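Below: one structure, written as structure tokens.
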Amino acid sequence: MKKLNPDTLRAILMFLIWKAVLVAVLIYSVSFIPLQYTDRFLGGGPVNYMLAPELFSWANFDGEHYLSIAIFGYKEKEHAFFPVYPGLISFLARPFSPDLLSFIVNSTIAGLVISNLSFLLALIFLMQLIKIDFPKKIAFLTLAILLVFPTSFYFGAVYSEGLFLLLTVGSFYLARKGRFLGASILGAAASATRVFGVLLLPALFIEAREQKAKFSKSFWIFLIPMGLVVYMLYQYFTTGDPLAFYNLQGQVGEQHQSGLILLPQVYFRYIKMLLTVDLGNPIYQTIILEFLVGIIFFLLPIYGYFKKARLSYVVFAMLGFLMPAITGSFSSVPRYVTILFPSFLFLAMLINKLPNLLKIAVLSFSALILMIETALFLRGYWIA
């Protein structure tokens, strides 16, 4: 049996430490933090949540929708959630679920397995991808920054972030190796997992140009949007609206608006909220997080561009930030940016220049915020 190389073992150890910390936060939060709501937003439904909060708290908010789709199929507003992740949950859980209660429990477990295993594999492939261009130090610093990011707990929840990150990193990794067919297959799966997956098309198109790849070898990248196209066809035949996934965003996320909103308008809106919202309101810390992320993750691709990072990375990071921002709000952006791995690479390039003591302080502070945000999310407080 082939032994794992030291770098892979190190990535696995980093993941296990991250997971152990989140489990400790779970135990603490269930014991000492009161619920924000007792009748809504709780994974598995309020009754099941009360019976086993250690399990169902990882499926709060959007996790409820993923479980519902996996168990009952699409209904009402749930077309805003893409099908690959809940489809995999249903595939794994249904054969072992003779009744509704067992289906809910097994679906939650299946979702957690998919999310955590996907995230672990994504970390390993991300390390290998970064090592193509950078020393190990930058690769592992990128992993560390991603792991301690304040909303990284979503990678271990019943959310599609972990799976999408794996598909995206895998697609880039295969493209960097010149294997555009495999990259496009993963890209198509990504575009049926999150709408952000279609951004792999312009990014990998640029990557193919930078590699001077022959069209006969790289034309497969035009298959990437097929995942989204198939889902749009499904929505057309079931709801009559092929853009239901977009048109429903304003209902599942009240902060979002229809039409195109300019970025300066979004920043102005947040400055106004910071000046008017009561400091004692629990939503205030969320506004601060959204505003800071909205600034930092706009600047990071620009920094990467001037540091001559690969243009495909810069384009993916910038478009991935702008796509949700143009809806008029940074709501959920602290979660959305977690899948923009190039931005975390750019952040690692920046932080690597700091003195070691300051570097440790930055990572430690982010880890502290991560623990606080995780605890609040697990008890039904809206984070992102």
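The values are calculated or read from the model by the stated rules, or taken from the named source; none is laboratory data. A quick note: this is a predicted structure, and the numbers were derived from the prediction, not measured. Ideal geometry is used to build each Cβ from the backbone, glycine not excepted, and the neighbour counts take in all protein chains shown.
Going by the conditions given, is residue 166 part of a helix (DSSP H, G or I), at pLDDT 95 or above and surrounded by 20 or more Cβ atoms within 10 Å (Cβ to Cβ)? Here the answer is yes, as residue 166 does meet what is asked.
Look at (1) aliphatic (A, V, I, L, M); (2) touching a residue at least 40 places away in the same chain (Cβ under 8 Å); (3) surrounded by fewer than 21 Cβ atoms within 10 Å (Cβ to Cβ) and you find that residue 233 fails only one, number (2). Screening residue 7 with (1) over 22 Å from the mean Cα position of the chain (by Cα); (2) among the charged types (D, E, K, R); (3) surrounded by 19 or more Cβ atoms within 10 Å (Cβ to Cβ) gives one miss only, at (3).
Of all residues in the range 203-230, those that are among the small types (Gly, Ala, Ser) and surrounded by fewer than 24 Cβ atoms within 10 Å (Cβ to Cβ) total 4. Filtering the range 79-95 to residues that are farther than 18 Å from residue 163 by Cα and touching a residue at least 60 places away in the same chain (Cβ under 8 Å) leaves only 79.
Results for (1) within 21 Å of residue 49 (Cα to Cα); (2) free of Cβ contacts under 8 Å to residues at least 24 places away in the same chain; (3) over 20 Å from the mean Cα position of the chain (by Cα), shown as yes or no for each residue.
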{"residue": "97", "(1), (2), (3)": "yes, yes, yes"}
{"residue": "120", "(1), (2), (3)": "no, no, no"}
{"residue": "127", "(1), (2), (3)": "no, no, no"}
{"residue": "133", "(1), (2), (3)": "no, no, yes"}
{"residue": "136", "(1), (2), (3)": "no, no, yes"}
{"residue": "141", "(1), (2), (3)": "no, no, no"}
{"residue": "166", "(1), (2), (3)": "no, no, no"}
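Taking helices (runs of 4 or more DSSP H) as the structural unit, those lying wholly within the range 265-384 and holding at least 1 residues that are surrounded by fewer than 21 Cβ atoms within 10 Å (Cβ to Cβ), touching a residue at least 12 places away in the same chain (Cβ under 8 Å) and more than 15 Å from the chain's Cα centre (by Cα) correspond to 283-306, 311-325, 341-351, 356-378. Just to be sure, is residue 67 of a type outside the set (Gly, Ala, Ser), within 18 Å of residue 152 (Cα to Cα), assigned to a helix (DSSP H, G or I) and within 20 Å of the chain's Cα centre (by Cα)? Criteria not met by residue 67.
Kindly evaluate residue 210 against the criterion of being within 17 Å of residue 333 (Cα to Cα), in a helix (DSSP H, G or I) and charged (D, E, K, R). No; evaluated as a whole, the condition is false for this residue. Among the conditions (1) touching a Ser or Thr at 6+ places or on another chain (Cβ under 8 Å); (2) at pLDDT below 90; (3) of a type outside the set (A, V, I, L, M), residue 338 misses just one, which is (2).
Rundown of residues vs (1) buried (at least 23 other Cβ atoms within 10 Å of the Cβ); (2) closer than 29 Å to residue 92 by Cα; (3) of a type outside the set (Asp, Glu), yes/no style:
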| site | (1), (2), (3) |
| --- | --- |
| 127 | no, yes, yes |
| 131 | no, no, yes |
| 136 | no, no, yes |
| 158 | yes, yes, yes |
| 162 | yes, yes, yes |
| 193 | yes, yes, yes |
| 201 | no, no, yes |
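Across the range 224-265, the number of residues qualifying as among the acidic types (Asp, Glu) and modelled with pLDDT of 85 or more comes to 1.
Checking the stated criteria, residue 146 turns out to be under 13 Å from residue 341 (Cα atoms) and modelled with pLDDT of 95 or more.
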